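Student: What follows is a single structure, and I will ask about it in a moment.
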Amino acid sequence: MRMISKRPRALLAATLSFSALFGGLTSAPAQAPAKEIHVDAAADLQTVLPVLAQAYEHATGIKLKVSYGSSATLATQILNGEPTDLFLSADYTFPEKVVAAGLADTGDPIPYAKGTLVLWARKDSPLQPLHLEALTDPRVKTVAIANADHAPYGRAAMSALEKLKMLDQVKPKLVVAENIAQTAQFVESGNAQLGLISMTTASTEHFTQIGTFVLVPNVYPEIRQCAVVLAKSEHRAEAHAFLDWLRSPSIQSSLPKMGLTPVQ
């Protein structure tokens, strides 16, 4: 198993259209003085949150200032005292660590979406038409995966490979990225032939233009994406207002277009 730790570049080309998703869902821009919410967000949201942030700012006038990373890295930073208002994780366990440390203002993490794992390959791959058995194809020498210790999608991928009885064959081929966004970059660039990535990335216009994906069977633990608001935040009310908006029926109903499953 090879570890690669290049710094991920922004996936700006992969973000979805604001007007296509939220044109009918948002109100006119608010006239209140501009405010900012500082958000630490899991890397699988790198192609999703810019669209949500734009919609929310359009509706309320409140901006989201977002830092992306693996859920583990972000949780560690928060536990070490990094100031932020809101932590959007790709799972339940890392927000739970923040709760257990007494740093959250709720007794439990707040679910906001569910994630889906897919297998993705470029359209010019000789492995097309893509199917799950491509993982064990002898022509495949490299499979990109997120670090299972840091990224919930990586943990889900390792669990799926084990449950599908493919882990022994695939493990020598694994190229390990820091987070799920970087995993997608490895396979997009050709540094890996296949990638176990999030549907949030695979379903964007950019990635559907250059590649195809198939769903990984639902044999891995549920990717229940949860959030916590930090107890010491000076913008707790604004952070909870954003979470309420994100969990509202109208926004939840738009999540499947971005590769997420609603929790409501």
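The values are calculated or read from the model by the stated rules, or taken from the named source; none is laboratory data. Here the structure is a predicted model, which is why all the values come from computation and not from measurement. Using ideal geometry, Cβ is built from the backbone for each residue, glycine included, and neighbour counts are taken over all protein chains shown.
Student: Go over the candidates LYS63, LYS97 one by one and state the one that is in contact with a Phe, Trp or Tyr (Cβ under 9 Å, 6 or more places away or on another chain) and in the same structural domain as GLU234 (by TED's automatic domain parsing).
Tutor: LYS63
Yes or no, residue by residue, for (1) touching a Lys or Arg at 6+ places or on another chain (Cβ under 9 Å); (2) closer than 21 Å to GLU222 by Cβ; (3) buried (at least 22 other Cβ atoms within 10 Å of the Cβ); (4) among the acidic types (Asp, Glu):
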{"site": "ARG139", "(1), (2), (3), (4)": "no, no, no, no"}
{"site": "LEU167", "(1), (2), (3), (4)": "no, yes, no, no"}
{"site": "LYS171", "(1), (2), (3), (4)": "no, no, no, no"}
{"site": "ILE180", "(1), (2), (3), (4)": "no, yes, yes, no"}
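Student: Among what's in the stretch 100-137 and is over 21 Å from ARG155 (Cα atoms) and aliphatic (A, V, I, L, M), pick the residue that is surrounded by the most Cβ atoms within 10 Å (Cβ to Cβ).
Tutor: In this case the residue turns out to be ALA104.
Student: Also: Which residues, counting only those in the stretch 85-97, are surrounded by fewer than 22 Cβ atoms within 10 Å (Cβ to Cβ) and closer than 22 Å to ASP244 by Cβ? Quick ask: steps written out before the conclusion?
Tutor: Step one: list which residues in the stretch 85-97 are surrounded by fewer than 22 Cβ atoms within 10 Å (Cβ to Cβ), which gives 92-93, 96-97.
Those that are surrounded by fewer than 22 Cβ atoms within 10 Å (Cβ to Cβ) and closer than 22 Å to ASP244 by Cβ: TYR92, GLU96.
Student: Same structure again: Return the residue satisfying two criteria in turn: it lies in the stretch 216-264 and is of a type in the set (Val, Ile, Thr) and out of contact with any strand residue (DSSP E or B) (no Cβ under 9 Å at 6 or more places or on another chain), and of such residues it is surrounded by the most Cβ atoms within 10 Å (Cβ to Cβ).
Tutor: Of all residues in the stretch 216-264, those of a type in the set (Val, Ile, Thr) come to 216, 219, 223, 228-229, 251, 261, 263.
Then drop every residue that is not out of contact with any strand residue (DSSP E or B) (no Cβ under 9 Å at 6 or more places or on another chain), which leaves 219, 251.
On the way: VAL219: 13, ILE251: 23.
Among those that are of a type in the set (Val, Ile, Thr) and out of contact with any strand residue (DSSP E or B) (no Cβ under 9 Å at 6 or more places or on another chain), it is ILE251.
Student: Can you name the number of the only condition in (1) closer than 25 Å to LEU255 by Cβ; (2) surrounded by fewer than 24 Cβ atoms within 10 Å (Cβ to Cβ); (3) modelled with pLDDT of 95 or more that SER203 fails?
Tutor: For SER203, the failing item is (3).
Student: Residues that are more than 17 Å from ASP124 (Cα to Cα) and under 14 Å from the mean Cα position of the chain (by Cα): find the helices (runs of 4 or more DSSP H) completely inside the stretch 135-220 holding 1 or more of those.
Tutor: Of the helices (runs of 4 or more DSSP H) lying wholly inside the stretch 135-220, those with at least 1 residues that are more than 17 Å from ASP124 (Cα to Cα) and under 14 Å from the mean Cα position of the chain (by Cα) span 152-163, 180-189, 199-202.
The rows are residues; the columns are (1) part of a strand (DSSP E or B); (2) without any contact (Cβ under 8 Å) to a residue 40 or more places away in the chain; (3) not acidic (Asp, Glu).
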site: ARG224; (1), (2), (3): yes, no, yes
site: ALA227; (1), (2), (3): yes, no, yes
site: LYS232; (1), (2), (3): no, no, yes
site: ALA237; (1), (2), (3): no, yes, yes
site: PHE242; (1), (2), (3): no, no, yes
site: TRP245; (1), (2), (3): no, no, yes
site: ILE251; (1), (2), (3): no, no, yes
site: LYS257; (1), (2), (3): no, no, yes
site: VAL263; (1), (2), (3): no, no, yes
